[in-house]
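**Q** I have a structure here, written as structure tokens, and I will follow up with some questions on it.
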């Protein structure tokens, strides 16, 4: 979801565009695997997923220049 603005100046053919918004990437998931002494760290998966739950959306900003050939 976002909003954008674009404008081509009459007579010159030059213009610009600007977009800002946010993109949904889904619920983040973590998959840990380890052996030996690190094996107990795999129990941290639910805690890590809870801590990064807010990262379902990320910001997007775009700026561009354009030229229209007549």
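Listed here are the residues, each with its yes/no results for (1) in a strand (DSSP E or B); (2) touching a helix residue (DSSP H, G or I) at 6+ places or on another chain (Cβ under 9 Å); (3) surrounded by 10 or more Cβ atoms within 10 Å (Cβ to Cβ); (4) at pLDDT 90 or above.
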residue: 6; (1), (2), (3), (4): yes, no, yes, yes
residue: 26; (1), (2), (3), (4): no, yes, no, no
residue: 30; (1), (2), (3), (4): no, yes, yes, no
residue: 37; (1), (2), (3), (4): no, no, no, no
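**Q** Another question about this same structure. Which residue is surrounded by the fewest Cβ atoms within 10 Å (Cβ to Cβ), if the candidates are limited to region 39-70 and must be in contact with a strand residue (DSSP E or B) (Cβ under 9 Å, 6 or more places away or on another chain) and not in a strand (DSSP E or B)?
**A** 68
**Q** Right, something else. Kindly provide the set of residues from region 8-24 that are in a loop (DSSP other than H, G, I, E, B) and either surrounded by 10 or more Cβ atoms within 10 Å (Cβ to Cβ) or within 16 Å of the chain's Cα centre (by Cα) (or both), ordered by number.
**A** Matches in region 8-24: 9, 13.
The values are calculated or read from the model by the stated rules, or taken from the named source; none is laboratory data. Quick caveat, the model's predicted, so the values are computed rather than measured. As a convention, Cβ positions derive from the backbone with ideal geometry for all residues, glycine included, and neighbour counts pool all protein chains shown.
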